[in-house]
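Trainee: Can you keep this structure in mind? I'll have questions shortly.
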Amino acid sequence: MKPLGNNNGGYFGEPIDAPTVMVQIDAVAKAKNWHSESFQLEPGFSLQAYTRRSQDPKNAVYISSGIHGDEPAGPLAILSLLEQDQWPAGMDLFLCPFLNPSGFPLNTRENSNKLDQNRDYRHLKSLEVRTHTEWLKKQPLFDLALCLHEDWEAKGFYLYELNPDNRKSLASSMLRAVESICPIDFSEQIDDWEAASGLIRPKVAPDERELWAEAVFLIVNKTRQSYTLETPSDFSLEVRMKAHNAAVIAALRELS
Ligand SMILES: [Zn+2]
């Protein structure tokens with residue numbers, strides 16, 4: 001499998017019609033009895049959150065995507081996961097599929113105010129991130145958080161792990177599930193981080209960081225184990241969507 005060679009200085013692959021995908025996600029979530037919440041953002045845009053409680057929950061898992069408007073595979077993976085409905089039993093699930101709804105029509109990483117929401121979780125300048133963190137604070141603590149992203153420069157799939165208590169890592173399960181679908185990025189350095197076989201374990205000291213990604217907010221406030229999944233957006237959208245889907249299912253099965 002080879003990269004398509006579309007991306008030169010940014011993402012120039014297949015876009016999605018985000019409002020249509022949002023409607024599809026909402027319809028399938030409601031059909032499968034998820035609890036749905038909608039919060040008004042700028043006119044014409046809303047933040048959607050979905051929760052599903054299990055009878056006898058052993059784990060609470062949070063999954064987000066769509067924080068960068070030029071990364072369409074994550075929201076599509078959430079749609080396909082909802083349609084498949086193969087969630088392991090005994091899990092409470094919390095989904096935010098489109099954290100940056102105004103960025104998708106522009107196909108930009110940033111929102112329509114040119115702000116990178118994934119650097120806004122310390123100072124909460126954007127309405128989107130303020131709304132999202134208000135919602136997060138009302139949810140229980142999560143045993144696991146998965147943030148679905150894409151990287152237009154990546155040679156293959158990789159992930160970041162934040163696991164300060166050294167809990168059992170879910171990284172190798174995810175990488176194994178993905179490798180038959182999408183190449184893994186075996187670079188020793190990815191995005192200025194030291195990497196090994198597609199895994200980055202950043203040393204994160206939140207207090208020393210001026211700008212917080214969503215994953216940093218989550219590790220400070222909501223969970224002790226998080227993964228940021230990165231698909232290589234120079235491969236086809238279907239491959240990337242399937243890679244995210246397989247990684248999420250592998251992590252949930254390993255956790256349960
Ligand atoms: Zn991203």
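Trainee: R0 = 35 Å: FRET efficiency of SER169 with ASN113, Cβ-based, nearest 0.05?
Mentor: Computed FRET efficiency for SER169 and ASN113 comes out at 0.40.
Trainee: For ALA196 and LEU211, calculate 0.36 nm times their separation in residues minus their Cα-Cα distance, and state this gained length in nm to one decimal.
Mentor: Answer, rounded to one decimal: 2.9 nm.
Trainee: Of the chain, which part is the longest with no GluC sites (Glu not before Pro) in a loop (DSSP not H, G, I, E, B) and with at most 13 other C-beta atoms within 10 angstrom?
Mentor: Free of exposed loop sites, the longest segment is 1-187.
Trainee: Would you calculate, for the chain, the mean residue ellipticity at 222 nm contributed by helices, counting each DSSP H stretch of 4 or more residues as -39,500 (n - 2.57) and dividing by all residues, to the nearest 500?
Mentor: Rounded to the nearest 500, the figure is -9000 deg cm²/dmol.
Trainee: Taking 0.36 nm per intervening residue step and subtracting the Cα-Cα distance, what contour gain separates GLU14 from ASN221 on full extension?
Mentor: 71.0 nm
Trainee: Can you work out the PRE-style zone for SER187? Point 7 Å along Cα to Cβ, and I want the residues of the range 126-153 with backbone N under 17 Å.
Mentor: Flagged as within label range: 149-153.
Trainee: Carbon and sulfur together cover what percent of the accessible area of the chain at a 1.4 Å probe radius?
Mentor: Result for the chain: 48 percent of the exposed heavy-atom area is carbon or sulfur.
Trainee: Mind giving me the nanometre distance, one decimal, between the label points for ASN59 and SER256, set 7 Å out from Cα along Cα→Cβ?
Mentor: 0.9
Trainee: Can I ask one more? Quick one: Cα centre-to-centre distance for the range 187-220 and the range 90-150, in angstrom?
Mentor: Centre-to-centre distance over Cα atoms comes out at 17 Å.
Trainee: Please pull out the direction-averaged projected area of the range 1-110, using the convex hull of its alpha-carbon atoms, in nm² to one decimal place.
Mentor: That works out to 8.2 nm², a quarter of the Cα hull's surface.
Trainee: Any of LYS125/LYS168; LYS2/LYS168; LYS138/LYS168; LYS30/LYS114; LYS30/LYS203; LYS58/LYS138 with alpha carbons more than 30 Å apart? Name them for me.
Mentor: Among LYS125/LYS168; LYS2/LYS168; LYS138/LYS168; LYS30/LYS114; LYS30/LYS203; LYS58/LYS138, the Cα-Cα distance tops 30 Å for LYS125/LYS168; LYS2/LYS168; LYS30/LYS114; LYS30/LYS203.
Trainee: Scale the Cα Rg of the range 18-255 by the rule-of-thumb value 2.2 N^0.38 Å and send over the ratio, two decimals. Numbers along the way, then the final one.
Mentor: Values: Rg = 16.3 Å, N = 238, 2.2 N^0.38 = 17.6 Å.
Against the compact-globule rule of thumb, the ratio is 0.93.
Trainee: Shifting gears a bit: With every protein chain present, what is the per residue accessible area of the chain (1.4 Å probe, Å²)?
Mentor: With the other protein chains kept in place, the chain gives 45 Å² per residue.
Trainee: I want to verify a result. In a Gaussian network model of the chain, Cα cutoff 10 Å, which of these has the top mean-square fluctuation: HIS132, HIS35, HIS244?
Mentor: HIS35
The values are calculated or read from the model by the stated rules, or taken from the named source; none is laboratory data. Computed from a predicted model, the values in this text were never measured in an experiment. Note: ideal-geometry Cβ built from the backbone for every residue, glycine included; neighbour counts use all protein chains shown. Quick note on the areas: whole protein, heavy atoms, side chains included, nothing else; ligands and nucleic acids left out. Shrake-Rupley method; radii C 1.70, N 1.55, O 1.52, S 1.80 Å.
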